[in-house]
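Structure, as structure tokens:
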Amino acid sequence: MSRVVLVTGGTRGIGAAISMALRNAGYKVAANYAGNDEKARAFHDVTGIPVFKWDVSDYVACGEGVAKVEAELGGIEVLVNNAGITRDAMFHKMTPQQWHEVINTNLSGLFNMTHHVWGGMRDRSFGRIVNISSINGQKGQMGQVNYSAAKAGDLGFTKALAQEGAAKNITVNAVCPGYIGTEMVLAVPEKVLNERIIPQIPVGRLGEPEEVARCVAFLISDDAGFITGSTISANGGQFVV
């Protein structure tokens, strides 16, 4: 029987690539999304992957969403915490709302989602959790104090929870993408991409969403059963840990 996977933020960008890669690998995939109904419907129509709408920053909504997924597909054995937002501003101009929105989605969202699947994973003595952090959680980024703090917090969450899950055959790992050729990054003016961003990347190009997806596919596989509390940096050599 194929394992049940839930990918948050799974209908666009990196999340969509992850959802499709895991579906193609034989997993039963559910894709969560928060707001864009049109894009979610189009994703479902093209891929056939069932989509479920809720906001990962809402603990109660996460519980209700997990229950719906499990009623339709079965117990969630693999969780990919990919959902994330940005509210960029220099710190002296950052509002409390911009801070809290990013922390609530990008960091508290991991707690909200994982807490609702953790008990089932413990009962089954199996689980795979992959948290999508960011290069900016590793090195920081001006104008993104909120985002960098949340993504760094994701790594602490990963390392601590991995120690709790190990005895129950639950692995918890993270992937830190660098600049990936998603809709958001490709919206950056070409001049900025070519003169300021790509020159920082030793391999000389943006990453592809599918390259991040392959990292996730490995971490949830049986081949990665001895890997937990680890971080894969998929950034083209831009930041080496």
Original post:
Given Cα pairs under 8 Å that are at least 6 residues apart, what percent is the relative contact order of segment 84-233?
Top reply: 26
**OP:** Would you work out which of V172, V185, I201 lies farthest towards the positive end of the dipole of segment 88-233? Charges go on Cβ: Lys and Arg +1, Asp and Glu -1.
**Re:** V172
Subject >> FRET efficiency for K139 and H115, using Cβ-Cβ distance with R0 set to 25 Å, rounded to 0.05 >> reply: 0.30
**OP:** Sort 3-15, 194-206, 171-183 for me by packing, meaning the mean count of neighbouring Cβ atoms within 10 Å per residue, highest on top.
**Re:** 3-15, 171-183, 194-206
Original post:
Given +1 on the Cβ of Lys and Arg, -1 on the Cβ of Asp and Glu, and no further charges, what dipole in debye does segment 173-241 carry about its Cα centre, rounded to the nearest 20?
Top reply: 260
Subject >> Mean Cβ count within 10 Å, highest first, over the residues of peptides 117-129, 229-241, 18-30, 34-46 >> reply: 18-30, 117-129, 229-241, 34-46
Original post:
How much length, in nm to one decimal, is gained on full extension between V46 and K191, taken as 0.36 nm per residue of separation minus their Cα-Cα distance?
Top reply: 48.9 nm
Original post:
Which shape class applies to segment 118-180: rounded if a/c is under 1.5, otherwise prolate when a/b exceeds b/c and oblate if not, where a ≥ b ≥ c are the square roots of the Cα gyration tensor eigenvalues?
Top reply: prolate
Original post:
Between F226 and E101, 0.36 nm times their residue separation minus their Cα-Cα distance comes to what?
Top reply: 41.5 nm
Original post:
Non-local amide H neighbours of N235 (under 5 Å, H modeled in plane, Pro and chain starts lacking H): which ones?
Top reply: G178
**OP:** For N24 and E210, compute 0.36 nm times the residue count separating them, minus their Cα-Cα distance, and round to one decimal in nm.
**Re:** 65.8 nm
Subject >> Simple Cβ-charge dipole of the chain, Lys/Arg +1 and Asp/Glu -1, about Cα centre, in debye nearest 20 >> reply: 320
**OP:** Along Cα→Cβ, 7 Å out, is where each label goes; now give me the distance between the ones at D123 and Q163 in nm to one decimal.
**Re:** 2.8
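Here, each number is a calculation from the coordinates, and none is a lab measurement. As the structure is a prediction and not an experimental result, all values here were calculated from the model. Backbone-built Cβ (ideal geometry, glycine too); neighbour counts: all protein chains shown.
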